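Data first, discussion second: the structure below is written as structure tokens.
The values are calculated or read from the model by the stated rules, or taken from the named source; none is laboratory data. Model, not experiment: these values are computed from the prediction. Cβ placement follows ideal geometry from the backbone for every residue including glycine, while neighbour counts extend to all protein chains displayed.
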Amino acid sequence: MVMNPLQNVVPSEPPTGNRRSALRRMGACALLLGTRQLAFGASIVAVRVWPAADYTRITIESDQPLAQQHFMADNPNRLVIDIDGLELSPALRDLLGKVRADDPFIAGVRAGQNQPRVVRLVIDLKQPTAPQLFTLAPVAAYRYRLVFDLYPTHEHDPLLALIRDREAAEALAARTVQDALGEFIGKVDKPVAVPGAAPPAVPSSPPMAKASAPAPWPPVAAAPFPAPPQQSPAPLPPAVQGKIDRLIVVAIDPGHGGEDPGASGPSGLREKDVVLAVALQLRDRLNGLPNMRAMLTRDADFFVPLHERVRKARRVQADLFVSIHADAFITPQARGASVFALSQGGASSSAARWMANRENSADSVGGINVNAKDAAVISTLLDMSTTAQIRDSLRLGGEVLGQIGKVGKLHKGSVEQAGFAVLKAPDIPSILVESAFISNPEEEARLRDPEYQAQLVHALAVGIQRYFAKNPPLARSRQL
Ligand SMILES: [Zn+2]
């Protein structure tokens, strides 16, 4: 990490001519907002850096809108930001200390008074990045925000590992089944390593099982989970192959993150932290099952826009999407867990509508860079929701609600429905679990308690398993 103490040491950035061409070359833009309100003496309220593998976000929060110009420079790679109407202050210098040495993109930040009333920030980059800049008007507890999202020029793909992992495991599963089938029909074919390969010839209509026979799922009521049935020497019905030749992928979505803390409890527990803790445990729990893989829409403290969460799940062809949250309400008495599915029409209750509005506001709090492309994606998703998805989501929600009811109070005894943006994957059964009311002091204490977190994780896992036991996943029509 580069941490130069700066006393006018920010070097002159490219001479004017070069700088113009740099501006053109990099497509940098100047942003001037609310000139009417611009006044010298703007104060920086806070500077935050959110490092993540996907992107690193730098947020500069101020009491007035800031006018800035920025450009990229190379040798070494750096992003230069000139902020007008600003004096170098201790708060701004704080930025220097907020860059972690392990930030994937930022090597260091320097700041200096470039001209009177112009502060220059130089962000030294570890790799070429494509910064996205946008501003956010005051919302919730935040004032004016200037946001730089640093994306890698060569996109890092956090899902690649999962996809590879899944392909390898599916290939293994396919091979195991092929071997078993080979024994069954009295000839051992060469193992077929290609997932989804055509099954070998099998005598038709053995009196084994109906085509709809469920996959051999373990019993679900006991804890800890029983080991799955071993590959048995007993004959396998051909119909089974379509059920077990692939892994089930569960997308776990810890709500909020980064700039968006979600709700807070009376003693300060933040929703984004507790739901991440629960999600990480649930991921490990599901990954401990031989036929499941879990992926997280975020695995650290950074913000992910709502439609991006859905996109991530669809990219890995997730079989389920489970969004985890912790409620808040204006009165501390509200208590109990709720499970929500999508509604195409109106919300099932005014409380459900209120909650959906609250959760859907995450993008404006967390800071989404809404451009035309994003808007198109969002509206497409909105139009594609299907009644089949909602039906399956209600089944999944019912199983999960039943299990959560065993470890805690329920806010309502049935799955509720409303227009949650995060539940709009048209082809993935999706639920949103409000695990408890973080605004209720007792429930906040429970959410903080590792033992209750473990119970909650167990309930979610069993609910998911019960859903699959009753609704075996279909063979995939295509491979990733
Ligand atoms: Zn939430």
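When residue 310 is tested against (1) more than 16 Å from the ligand (Cβ to nearest atom); (2) surrounded by 18 or more Cβ atoms within 10 Å (Cβ to Cβ); (3) in a helix (DSSP H, G or I), just one condition goes unmet, and that condition is (1). Can you confirm whether residue 240 is at pLDDT below 95 and either within 28 Å of residue 427 (Cβ to Cβ) or touching a Gly at 6+ places or on another chain (Cβ under 8 Å) (or both)? The answer is yes for residue 240. For segment 258-277, filtering for residues that are in a strand (DSSP E or B) and more than 10 Å from the ligand (Cβ to nearest atom) leaves 2.
Quick test for you: out of 329, 321, pick the one residue that is surrounded by 21 or more Cβ atoms within 10 Å (Cβ to Cβ) and in contact with a strand residue (DSSP E or B) (Cβ under 7 Å, 6 or more places away or on another chain).
Sole residue among the options that is surrounded by 21 or more Cβ atoms within 10 Å (Cβ to Cβ) and in contact with a strand residue (DSSP E or B) (Cβ under 7 Å, 6 or more places away or on another chain): 321.
Here residue 346 qualifies as modelled with pLDDT under 90 and away from the ligand (no atom under 16 Å from the Cβ). If you go through segment 412-432 and keep only what is within 14 Å of the ligand (Cβ to nearest atom) and more than 17 Å from residue 304 (Cβ to Cβ), you end up with 418, 431.
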